[in-house]
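**Student:** Here it is: the structure, laid out below.
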Amino acid sequence: MAEPRIAPYGSWASPITSDLIVAASIGVGEIRLDGGRVYWLETRPQEGGRTVLVRLGADGTAGDVTPPAPADGPGGFSVRTRVHEYGGGAYLVTGGAVVFCNDADQRLYRQEEGRAPVPVTPEPSRPRALRYADGVLDRARGRMVWVREDHTTGAAQPVNSLVAVPLDGSSPPLELVAGADFYAAPRLSPDGVRLAWLEWRHPNMPWDGTELWVGQFSADGTIADRRKVAGGTAESVFQPEWSPDGILCFVSDRSGWWNLYREQDGQIEALHPLAAEFGSPQWAFGMARYAFAGAKQLVCSYSRDGAAALLRIDLDRLAATPIATEFTDIASVRADQDHVYFRGAAPTRFAAVVRLDLASGATTILKSSSAVEPGDYDGTLSVPEPIAFPTEGGLSAYGLFYPPANRDFRAPEGELPPLIVRSHGGPTGASAAVLDWSTQYWTSRGFAVLDVNYGGSTGYGRAYRERLRGAWGVVDVEDCVNGARHLAATRRVDGRRMAIRGGSAGGYTTLCALTFRGVFATGASYYGVSDLEALARDTHKFESRYLDGLIGPYPARRDLYHDRSPVHFADRLAVPVALFQGAEDAIVPPAQAELMAAALKRKGLPCQYLLFAGEQHGFRRAANIKRALDAELYFYAIFLSGAGLTFAPE
């Protein structure tokens, strides 16, 4: 092997190109089992961001269930729901047939094996006006139960409810449960007699407070005898499921951590108390962190200190046994008597659909999110280092540090690398220690990357999550700033060459850090918030009261909304900013980026603003992903270069 070339950090030639990323990468997730068959969804940038349902055949090969798009252009069926805008829970399977929500019109379609999809819900008065998610089969009554979001009522906000939909579409959906602002996770008991579900009301988000209810079916198929099992305004309940013998289990954070519980004879019992998270923030429907491998055995994933693990619980003895795997990020857990299936990833593994044999512990990759193997890039992949660092109030915050790595290059003696701080979305989200091309794109070019799990992030208990209550735009910014300063003070990075980037809520944190703090030399906001008042007025129903908890009630605390909005303080900006936006974004509309771009232009600061037609909240199309990534690299090449840099940190 040739000796590495000496070149400045940030200038290294990398085999991990934007072309490679969009050609080799897909999204995988939402695993389902049906009679021994395994299904999952694949989101394919190469097909215009279309989401396709895939089934594993008896011969061990995977094949598409969703019909192909027309050969003469984009389109075709795409398995995606837009309930809450973030979707999830877009399909169910039953006896070889599938029922799915189609992105183009949001109608439900039934697809028998080997046949074309047939609609089973009425055509709405306008496209996507009736949306469905998180369905469950009600076999005894020849129907399904789905969450429906109705945009046809003329009300200021869409109306959410639980509805019964005939499998053959022979009659209109029947409303079963209504009145709350939001519903999720309808789950039918094995005997078909009871229905469990989650509901919550404004201003709560589902990780703030939800209620778990159970109702009994009447002879006419409606719901009666409803009772609340758990939850409230300060208790978040997640993923109710019935065991095969009819015991209701669920996850609750009543202890300060999302832990597993079950209800029997009106009594609630903890299954395995642990200072760890067995749940997740319900940004999407259909999330699954546990499953039953028989009536008396439960397999679950939990997260502690930013890493996930698997556990098997004997439901008779309540004895827990660890299941050893290499995976540190585990989601979409499903099980049968012999196997566990999940979406798994690790610092040296791309996200994949994984099958684990319960008897031997052996794992098989059924489908990887990357067509390229990690071994092809030995020496050029950066492995994350979990770090804790001091932040405001004598507290600690957490992050994942990725040092530069490229087997073909090394930096001149004594040079420190530029840093890219990444602020995740949500803000109730978290960054996981997993192998991801979007990280390696930067580290292989000689950039260091810090993913900050700032106060408010999931995975460290409810108290850590609630650090952000009333403090969005403050705590998250302080933690990103202090993480960068910590790395500069310990001489891991060059404190004169630090950037910050993020998408959605992370874009807001980015814009706040660049506007209000003099630490970063530049930054990039992807569909980020610049005007909190505009967001409070214009965003969709699911998040329309989210800011009550993150900032304060509006308009009563209009002063806070103004004072924490970067767009009003562009005069404080002194660094270049790149802005990337989807033209069809209903969560953070394009006006947010356009206001910021106009303010930067008035100030005379360098600004790059790219608006992508056909994109929503998060880019799905290969050409747009490539263009944005290359444009961001070009921006940093100009404004993070050592030459002529006059910026000095605080």
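The values are calculated or read from the model by the stated rules, or taken from the named source; none is laboratory data. In this text the structure is predicted, and so the values were computed from the model without any measurement. Using ideal geometry, Cβ is built from the backbone for each residue, glycine included, and neighbour counts are taken over all protein chains shown. Keep in mind that these areas ignore ligands, DNA and RNA; they rest on the heavy atoms of the full protein, side chains included. Shrake-Rupley method; radii C 1.70, N 1.55, O 1.52, S 1.80 Å.
**Student:** For segment 515-550, how many residues meet the condition of being closer than 23 Å to residue 586 by Cα, touching a Phe, Trp or Tyr at 6+ places or on another chain (Cβ under 6 Å) and among the hydrophobic types (A, V, I, L, M, F, W, C)?
**Tutor:** Filtering segment 515-550 down to residues closer than 23 Å to residue 586 by Cα leaves 524-550.
With touching a Phe, Trp or Tyr at 6+ places or on another chain (Cβ under 6 Å) added as a condition, the list becomes 526, 528-529, 532-533, 536, 550.
Going one step further and asking which of them are among the hydrophobic types (A, V, I, L, M, F, W, C), we end up with 529, 532, 536, 550.
Residues in segment 515-550 being closer than 23 Å to residue 586 by Cα, touching a Phe, Trp or Tyr at 6+ places or on another chain (Cβ under 6 Å) and among the hydrophobic types (A, V, I, L, M, F, W, C): 4 in total.
**Student:** Residue 288: part of a loop (DSSP other than H, G, I, E, B) and at pLDDT below 95, yes or no?
**Tutor:** Criteria not met by residue 288.
**Student:** Go through segment 554-602 and report how many residues are in contact (Cβ under 8 Å) with a residue 40 or more places away in the chain, under 30 Å from the mean Cα position of the chain (by Cα) and open to solvent by 70 Å² or more (accessible area, probe 1.4 Å).
**Tutor:** Residues in segment 554-602 being in contact (Cβ under 8 Å) with a residue 40 or more places away in the chain, under 30 Å from the mean Cα position of the chain (by Cα) and open to solvent by 70 Å² or more (accessible area, probe 1.4 Å): 1 in total.
**Student:** For residue 81, all conditions in the list (1) in a loop (DSSP other than H, G, I, E, B); (2) open to solvent by 30 Å² or more (accessible area, probe 1.4 Å); (3) not aliphatic (A, V, I, L, M) hold save one; what is the number of the exception?
**Tutor:** Looking at each condition in turn, residue 81 falls short on (2).
**Student:** Additional query: What is the number of the single condition among (1) closer than 14 Å to residue 426 by Cα; (2) part of a loop (DSSP other than H, G, I, E, B) that residue 495 does not meet?
**Tutor:** Answer for residue 495: the failing condition is (1).
**Student:** If the Cβ limit is 6 Å and pairs must be 6+ apart or interchain, which residue in segment 137-156 that is among the small types (Gly, Ala, Ser) pairs with which residue that is open to solvent by less than 60 Å² (accessible area, probe 1.4 Å)?
**Tutor:** Sorted first by the residue in segment 137-156, then by its partner, the pairs are 140/192; 142/167.
**Student:** Return a yes/no flag: does segment 250-257 have any residue that is open to solvent by 50 Å² or more (accessible area, probe 1.4 Å), closer than 18 Å to residue 196 by Cβ and basic (Lys, Arg).
**Tutor:** Checked segment 250-257: at least one residue is open to solvent by 50 Å² or more (accessible area, probe 1.4 Å), closer than 18 Å to residue 196 by Cβ and basic (Lys, Arg).
**Student:** Filtering segment 202-245 down to residues that are among the small types (Gly, Ala, Ser) and in a strand (DSSP E or B), which residue is surrounded by the fewest Cβ atoms within 10 Å (Cβ to Cβ)?
**Tutor:** 224
**Student:** While we're looking at this one, here's another question. Would you check which residues across segment 121-137 are at negative phi and surrounded by 21 or more Cβ atoms within 10 Å (Cβ to Cβ) and list them?
**Tutor:** 121, 130, 131, 132, 133, 135
**Student:** If you scan segment 294-345, which residues turn out to be charged (D, E, K, R) and either buried (at least 22 other Cβ atoms within 10 Å of the Cβ) or part of a strand (DSSP E or B) (or both)?
**Tutor:** Passing the criteria: 304, 312, 314, 329, 334, 343.
**Student:** Now a separate question. Considering only segment 514-536, state which residues are of a type outside the set (A, V, I, L, M, F, W, C), assigned to a helix (DSSP H, G or I) and more than 18 Å from residue 470 (Cα to Cα).
**Tutor:** Across segment 514-536, the qualifying residue is only 515.
**Student:** Still on this structure, please answer the following. Go through segment 1-69 and tell me which strands (runs of 3 or more DSSP E), entirely inside it, have 3 or more residues that are within 30 Å of residue 407 (Cα to Cα), open to solvent by 30 Å² or more (accessible area, probe 1.4 Å) and touching a Phe, Trp or Tyr at 6+ places or on another chain (Cβ under 8 Å).
**Tutor:** Fully inside segment 1-69 and qualifying: nothing.
**Student:** For residues that are without any contact (Cβ under 8 Å) to a residue 60 or more places away in the chain and assigned to a strand (DSSP E or B), scanning just segment 382-420, find the one that is surrounded by the most Cβ atoms within 10 Å (Cβ to Cβ).
**Tutor:** Initial filter on segment 382-420 (without any contact (Cβ under 8 Å) to a residue 60 or more places away in the chain): 383, 385, 388, 393-394, 396, 402, 405, 413-414.
Now narrow it down to the ones that are assigned to a strand (DSSP E or B): 385, 388, 396, 402.
Numbers: 385: 14, 388: 14, 396: 14, 402: 25.
Only one residue fits best here, namely 402.
**Student:** Filter segment 228-247 down to the residues that are touching a residue at least 40 places away in the same chain (Cβ under 8 Å) and either touching a helix residue (DSSP H, G or I) at 6+ places or on another chain (Cβ under 6 Å) or on the phi > 0 side of the Ramachandran plot (or both) and list them by number.
**Tutor:** 239, 246
**Student:** Pairs please, first residue from segment 471-494 and free of Cβ contacts under 8 Å to residues at least 60 places away in the same chain, second anywhere and part of a helix (DSSP H, G or I) and of a type outside the set (Val, Ile, Thr), Cβ atoms under 6 Å, 6+ apart in sequence or on different chains.
**Tutor:** So the pair list comes out as 477/512; 477/513; 480/513.
**Student:** Name every residue in segment 291-341 that is at pLDDT below 95, more than 27 Å from residue 386 (Cβ to Cβ) and touching a Ser or Thr at 6+ places or on another chain (Cβ under 8 Å), in order of residue number.
**Tutor:** Listed by number, the list holds a single entry, 295.
**Student:** Filter segment 158-201 for residues that are open to solvent by less than 30 Å² (accessible area, probe 1.4 Å), closer than 22 Å to residue 251 by Cβ and either touching a Cys at 6+ places or on another chain (Cβ under 6 Å) or in a loop (DSSP other than H, G, I, E, B) (or both) and give the result.
**Tutor:** Within segment 158-201, 180, 189 meet the criteria.
**Student:** Note down all Cβ pairs under 8 Å where the first residue falls in segment 248-261 and is under 14 Å from residue 301 (Cβ atoms), the second is among the β-branched types (Val, Ile, Thr) and open to solvent by less than 10 Å² (accessible area, probe 1.4 Å), and they're at least six residues apart or on different chains.
**Tutor:** Hits for this filter: 251/237; 258/251; 259/251; 260/251; 260/313.
**Student:** Restricting attention to segment 88-98, and to residues there that are within 11 Å of residue 133 (Cα to Cα) and touching a Phe, Trp or Tyr at 6+ places or on another chain (Cβ under 7 Å), which single residue is surrounded by the fewest Cβ atoms within 10 Å (Cβ to Cβ)?
**Tutor:** Let us first name the residues in segment 88-98 that are within 11 Å of residue 133 (Cα to Cα), namely 88-92.
Among the residues that remain, those that are also touching a Phe, Trp or Tyr at 6+ places or on another chain (Cβ under 7 Å) are: 88-91.
Working: 88: 20, 89: 24, 90: 29, 91: 25.
Among those that are within 11 Å of residue 133 (Cα to Cα) and touching a Phe, Trp or Tyr at 6+ places or on another chain (Cβ under 7 Å), it is 88.
**Student:** Residue 477: crowded, with 24+ Cβ neighbours inside 10 Å, touching a His at 6+ places or on another chain (Cβ under 8 Å) and under 30 Å from residue 203 (Cα atoms), yes or no?
**Tutor:** Against the criterion (crowded, with 24+ Cβ neighbours inside 10 Å, touching a His at 6+ places or on another chain (Cβ under 8 Å) and under 30 Å from residue 203 (Cα atoms)), residue 477 does not qualify.
**Student:** Moving on to the next point. Surrounded by 20 or more Cβ atoms within 10 Å (Cβ to Cβ) and not hydrophobic (A, V, I, L, M, F, W, C): is that true of residue 379 in this structure?
**Tutor:** No; evaluated as a whole, the condition is false for this residue.
**Student:** Further question on the same structure: How many of the residues making up segment 558-591 are of a type in the set (Phe, Trp, Tyr) and over 22 Å from residue 541 (Cβ atoms)?
**Tutor:** Total satisfying the criteria: 2.
**Student:** Something else about it: If you go through segment 138-149 one residue at a time, how many are part of a helix (DSSP H, G or I) and surrounded by 21 or more Cβ atoms within 10 Å (Cβ to Cβ)?
**Tutor:** Residues that pass the stated criteria total 0.
**Student:** Separate question: List the pairs whose first member sits in segment 157-174 and is closer than 18 Å to residue 100 by Cα, whose second member is in a loop (DSSP other than H, G, I, E, B) and among the aliphatic types (A, V, I, L, M), and whose Cβ atoms are under 6 Å apart, counting only residues at least 6 apart or on separate chains?
**Tutor:** Every condition considered, the pairs that remain are 169/120.
**Student:** If we scan segment 439-457, do we find a residue that is within 28 Å of residue 563 (Cβ to Cβ), open to solvent by 10 Å² or more (accessible area, probe 1.4 Å) and among the hydroxyl-bearing types (Ser, Thr, Tyr)?
**Tutor:** Looking for residues that are within 28 Å of residue 563 (Cβ to Cβ), open to solvent by 10 Å² or more (accessible area, probe 1.4 Å) and among the hydroxyl-bearing types (Ser, Thr, Tyr), one finds none in segment 439-457, hence no.
**Student:** Another question, if that's okay. Answer yes or no as to whether residue 622 is of a type in the set (Gly, Ala, Ser) and modelled with pLDDT under 85.
**Tutor:** Answer is yes for this residue.
**Student:** Let me ask something else about it. Here are some conditions: (1) part of a helix (DSSP H, G or I); (2) open to solvent by 10 Å² or more (accessible area, probe 1.4 Å); (3) touching a Gly at 6+ places or on another chain (Cβ under 7 Å). Residue 501 meets all but one. Which one does it not meet?
**Tutor:** Looking at each condition in turn, residue 501 falls short on (1).
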